[in-house]
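Undergrad: Can you read through this structure? Questions will come right after.
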Amino acid sequence: MADSPAAAPVGARPIHVALCGNPNTGKTTLFNQWTGANAQVGNYPGITVERHSGRRQGPSQPWLVHDLPGCYSLTAHSPEEEVAFLALRGRMDGPPPDVAVVVLDACNLARNLLLLVQVAELGVPVVAALNLMDAATAAGWHIDTAGLQAALGCPVVPVVARSGQGLDGLSSAVEAVAADPTLGRGPLPAWSLEVQTAMQAARAVDPRLAEVGDGELAWLLAADAALVDSWQPGLGTQLASAFGRAADESADVRRRLIHDRYRRIDAWVAAHTTAPSGQTRTPSDRVDDVLLHPLWGTLAFLAAMTLLFQAVFAWATPMADAVSAAMGWIADLCRAHLPAGLGRDVLVDGFLAGVGGTLVFLPQILVLFLGIAVLEDSGYLSRAAFLVDRAMAKAGLPGKAFVPLLSSFACAVPGILATRTLSDPRDRLLTILIAPLMSCSARLPVYTMVTAAVFADVPKVGGLLAFGGLVVTAMYLLGFVLALAVGAVLRRTLLPGGGAPLLLEMPPYRMPRPGNLGRVLWDRGRVFVVETGATIVALSVILWALLTFPRLDADTVAHQAARGQIEARTAAGPARDEALAQQDVALAQVRLDHSIAGRLGHALEPAIAPLGFDWRIGIGLVGSLAAREVLVPVMAQIYGRASSDDVDDRFAADVGQTMAKAGSLTPLKGLSLMVFFAIAMQCLNTLATIRRETRSWRWPLFALGYLNGLAWLGSFAVYQIGRALGYA
């Protein structure tokens, strides 16, 4: 086995500092204090699922600080543990760290010290940051810091990362250990005879293990054989064969490794700490009596989620309207001051439309992540995940998936971004794939258009409930139920797993810190605008081209001649304005009919006719690939209504009534169209976000295929069953 890459002498380069720690110890808070970076701070395991890096100027030289995933050990039985181990061994994209700062929760030393012991076993110089000292003191803990430092063989520095208390001393300790690694050697291994015998037998199995230290060898004996084989081919299989790893002998070696470590940890804690006297209940315990209660906790959870949903769905609307108005003003300015032609059309209707389509979602994203950050930083989100975990598990989803799915009712884009709070990659991918099934706000104009056209005159149910409102409610329920069903199927096929119980810590309640909230908002907004937005703008320009080309210059000349005749024969006034508007609509219809999108609509007609749709709705389906609400203005142009940039309820209702008069919408066809839109993937923003979050085109294309396939089947069933029952 090759040794870890040799590190350059400290002083010739920045000091590489690895931040390690259990979840909820304040590791990422310390990272942000040191670097001012945009890493997310979370209050339940798995928030930091990748390694984050940031630079800082230490007391005497620059540092490069790496925030490793929060984990409880280095046995590599989870993605977080594997990433942390590989980073500490210098097997990722950089050298091994010069110093590992292990962040310890002063109230939970017995559990936290296991990670410090394992880091020291790997030969990495360590410094212990004894964090949350304020909470430990308030709870009645007494810690002999000097005695603990002598026992551990490394600096132990009391700190309060949230306030910055003790960080100067911690920085000095880090640079001292970087200059003299023997100061941070940590506790030396003390293995039992059984473990020493197993290590000798392992070294006899493969010559590559002859020069491997006891710490790394202990990791190899505990790790899964398949994982060892993945980065040292054949070694895991050899060890499994030699030790009977599938039998009880393997389990016994692992138990002895754990026992040897905790035997020493328990002795240190007993000798150098004094626990609070009695069983004093903390304020957090008293609050949990309510928030974790089956009834009151559920009601509090529903109230919190309703508030969050209301904020994303309604409170962000004025900001989104302001963004939309600003982009409209810029577009009007370009139209007024740029010469007419292809260049202006590409800029205004392609590029600026794409930029506007990106920025209009930014307020929702910022409001959503502000709410999530407040819930996380306060310590409540782990309680909420605990409450809903059992219900979510029935569909193969973790409890923490409820926030992304809930926020997707407002918009799937921030909902998909919110899946970053899920630690397991399969859980995250599964949630991403079903999030678009939640009926987002972009579907409302389509629902309004249909219900106003074909259900407005239906008598109220029980004399109180509007039938159209019940139909819309059914669309929301359809998406949610179908999401759970699809999740259950995918969990049993493409994305198996998810059987492990939810492991959560209940951190103390804290006031959210404005600095942490600001960093979260900046990070999420920057990622969406800079990275996802670039893809959205490019796809928007492509869609504009499909709706615009080929251009019909001859029809444009004829159109101008027709406008001239109207102006010559009709006196100025409302009649002339209406006639000119109708002439413009007629030209738009001709252009749409002959555009690439129009031809696609005609080509689609055989496939969508069984759903009750004609070629004109086919054009709308092509246009709505950019965004679902685009269906309404596209239908307005096709059916002779003046287009509107404001897709409000009144305009949508007017368009729907026009379609009904033309025969394109009947109650059955309208219901079929609503079912199609409730399920189908018709949002470039969502596809671009899936592409960004999965770093692959495979999953966005899969989502596009399976969602649109389900939409076709659902709409087909509604229309054909309805016809068989005699409905039009």
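Bear in mind that the values in this text are calculations on the coordinates, not laboratory data. No experiment lies behind these values; they were computed from the predicted model shown. Don't worry about glycine lacking a Cβ; one is built from the backbone with ideal geometry, like all the others, and counts go over all protein chains shown.
Undergrad: Over the range 661-728, what is the relative contact order in whole percent, taking alpha-carbon pairs under 8 Å and six or more residues apart?
TA: 50
Undergrad: With contacts defined as alpha carbon pairs under 8 Å and 6 or more residues apart, what's the relative contact order of the chain in percent?
TA: Taking the mean separation of contacting Cα pairs over the length of the chain, I get 11 percent.
Undergrad: Let me ask something additional. With unit charges on the beta carbon (Lys/Arg positive, Asp/Glu negative), name the residue among GLY140, ALA711, LEU494 whose Cα is farthest towards the positive pole of the charge dipole of the chain.
TA: Working it through, the farthest residue towards the positive pole turns out to be ALA711.
Undergrad: If you don't mind, there's one more thing I want to ask. Magnitude of the Cβ-charge dipole of the range 649-728, K/R +1 and D/E -1, about the Cα centre, nearest 20 debye?
TA: The calculated dipole for the range 649-728 is roughly 220 debye.
Undergrad: Counting residues in the chain as N, plug N into 2.2 N^0.38 Å and put the Cα Rg over that result.
TA: In units of the globular-protein estimate, the chain measures up at 1.16.
Undergrad: Ok, one more. As an exercise, use a Förster radius of 25 Å and the Cβ-Cβ distance of ALA534 and ARG513 to find the FRET efficiency, rounded to the nearest 0.05. Please list the in-between numbers first.
TA: Details: r = 32 Å, r/R0 = 1.27.
After rounding, the FRET efficiency stands at 0.20.
Undergrad: In degrees, nearest 10, range 0 to 90: what is the angle between the Cα axis of helix 362-378 and the longest Cα principal axis of the chain?
TA: 30
Undergrad: At 0.36 nm per residue, minus the direct Cα-Cα distance, what do LEU701 and THR306 gain on full extension? Give it in nm, one decimal, please.
TA: 139.0 nm
Undergrad: Within straight cross-link reach of LYS661, meaning Cα distance under 24 Å, which lysines are found once same-chain residues fewer than 8 apart are removed?
TA: Within reach: LYS460, LYS669.
Undergrad: Hey, another quick one. For the Cα atoms of the chain, what angle does the longest principal axis make with the long axis of helix 553-569, in degrees from 0 to 90, nearest 10?
TA: Orientation of helix 553-569: about 50 degrees from the principal axis.
Undergrad: So how much slack lies between VAL346 and LEU580, counting 0.36 nm per residue of separation and subtracting their Cα-Cα distance, in nm?
TA: Residue separation times 0.36 nm, minus the Cα-Cα distance, leaves 81.8 nm.
Undergrad: May I ask which residue of PRO550, PRO414, ALA201 lies farthest towards the positive end of the charge dipole of the chain, with charges of +1 (Lys, Arg) and -1 (Asp, Glu) on Cβ and the Cα centre as origin?
TA: Among PRO550, PRO414, ALA201, the one farthest towards the positive end of the dipole of the chain is PRO550.
Undergrad: So, R0 is 41 Å and r is the distance between the beta-carbons of MET92 and ASP144; what FRET efficiency does that work out to, to 0.05?
TA: That gives a FRET efficiency of 0.65.
Undergrad: If each of ARG526 and ARG13 carries a label point 7 Å out from its Cα toward its Cβ, how far apart are those two points in nm?
TA: 2.4
Undergrad: Could you rank the peptides 607-620, 381-394 by their average count of other C-beta atoms within 10 Å per residue, with the highest value first?
TA: 607-620, 381-394
Undergrad: For the chain, what is the calculated [θ] at 222 nm in deg cm²/dmol (nearest 500), taking -39500 (n - 2.57) for each run of four or more DSSP H residues and dividing by its residue count?
TA: -18500 deg cm²/dmol
Undergrad: Expected output is a single nm value to one decimal: the length gained when fully extending between THR197 and ALA110, i.e. 0.36 nm times separation in residues minus the C-alpha distance. What is it?
TA: 28.6 nm
Undergrad: Let me ask something else about it. Please compute the modelled spin-label separation between ASP266 and LYS661, points set 7 Å along Cα→Cβ, answer in nm with one decimal.
TA: Label-label distance for LYS661 and ASP266, simple model: 8.4 nm.
Undergrad: Would any residue of the range 702-728 have its amide N under 16 Å from a label point 7 Å out along Cα→Cβ of ALA607? List them or say none.
TA: Hits in the range 702-728 for ALA607 at 16 Å: 702-716.
Undergrad: Here is a follow-up. To the nearest 10 degrees, how steep is helix 514-526 against the longest Cα principal axis of the chain, on a 0 to 90 scale?
TA: The angle comes out at about 50 degrees.
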